[in-house]
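Enquirer: Structure below; questions to follow.
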Amino acid sequence: MVRVPFRETFVEYEKEDVWGPLWALASLVPPLGVASLCSVLVVTRDLRIAFGLGGVLVTCLVCVGLKRVYPEPRPPPPYYYDHDDDTSDEDGWPSNHSAFGAFCATFIFLFTLRRCPAIPRLEKWVPCSVVCLITGVACPYSRIHLGYHTISQVMAGMGLGTTMGVLWFLIGYERLYIPILAPFLLHHLPPSLHITSPHNIPNVALARQTSFQQQQQQESYDPSQPNGRLKNQ
């Protein structure tokens, strides 16, 4: 029985490459990012996360379609796999990893620029810059450094991801999701799902912190006790 690696989470690097493990980790940003977004979606029930995941899915599907229409092989060995599982004949244009990274970086940048006016600059731009550098720069470069794609394949993926990110935000999010899709889903989905979409709140983190503090005070306040003592006192 022949065993093959699960290539979506299988990354190789040269043993002599000191930074190889770091670039291999950067190359795993797409599966790790999708898993993280799914976890956030389950915990917060935020429709905006689902909308972002939808953009990622559409971008990946466009990438797969382009690979079939314009087939271009990946770099040949030894710059790809150095064992019997040689898949250098697979199509590599455009790079799906690069498209994912560019889409996420573009969408997050535009979201931070246009939808977070109440958040202090340092608090919003530092995390945004870190995420954009990891997804939009480190991930695409890792595909070149590790030999999985050529420069043209990565640049094509970044161009596709950037274009999809702009369209998904300016048209999809601001013109379809906010005025039409979000109100429709919030009205028709069962309340038991606890679905939220705080797209009209300028500072979601502060709003959630304030709501949590108020709820904590209400649950810990016992009016039957003298002077309204807290239950845990």
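The values are calculated or read from the model by the stated rules, or taken from the named source; none is laboratory data. Just so we're clear, the structure is a prediction, and the values are computed from it rather than from any experiment. When the accessible area is computed, the model is the full protein with side chains, heavy atoms only, and any ligands, DNA or RNA have been set aside. Shrake-Rupley method; radii C 1.70, N 1.55, O 1.52, S 1.80 Å.
Enquirer: Rounded to the nearest percent, how much of the accessible area of segment 128-175 (1.4 Å probe, protein heavy atoms only) is carbon and sulfur? Spell out each step's value before the answer.
Expert: Working: 1610 of 2040 Å².
Carbon with sulfur: 79 percent of the solvent-accessible area.
Enquirer: At a 1.4 Å probe radius, carbon and sulfur cover how many percent of the accessible area of segment 11-83? Walk me through the intermediate numbers first.
Expert: Numbers: 3130 of 4410 Å².
Summing carbon and sulfur atoms, their accessible area is 71 percent of the total for segment 11-83.
Enquirer: If you don't mind, another one. Stretched out fully, how many nm does the piece from residue 113 to residue 3 gain, at 0.36 nm a residue minus the Cα gap? Mind showing how you got there, number by number?
Expert: Working: separation 110, 0.36 × 110 = 39.60 nm, distance 4.70 nm.
Value of the extension gain: 34.9 nm.
Enquirer: Calculate, axis by axis, the spread of Cα positions in segment 1-51 along the three principal axes, and write the results as whole Å, longest axis first.
Expert: Result for segment 1-51: principal-axis Cα extents of 44, 35, 15 Å.
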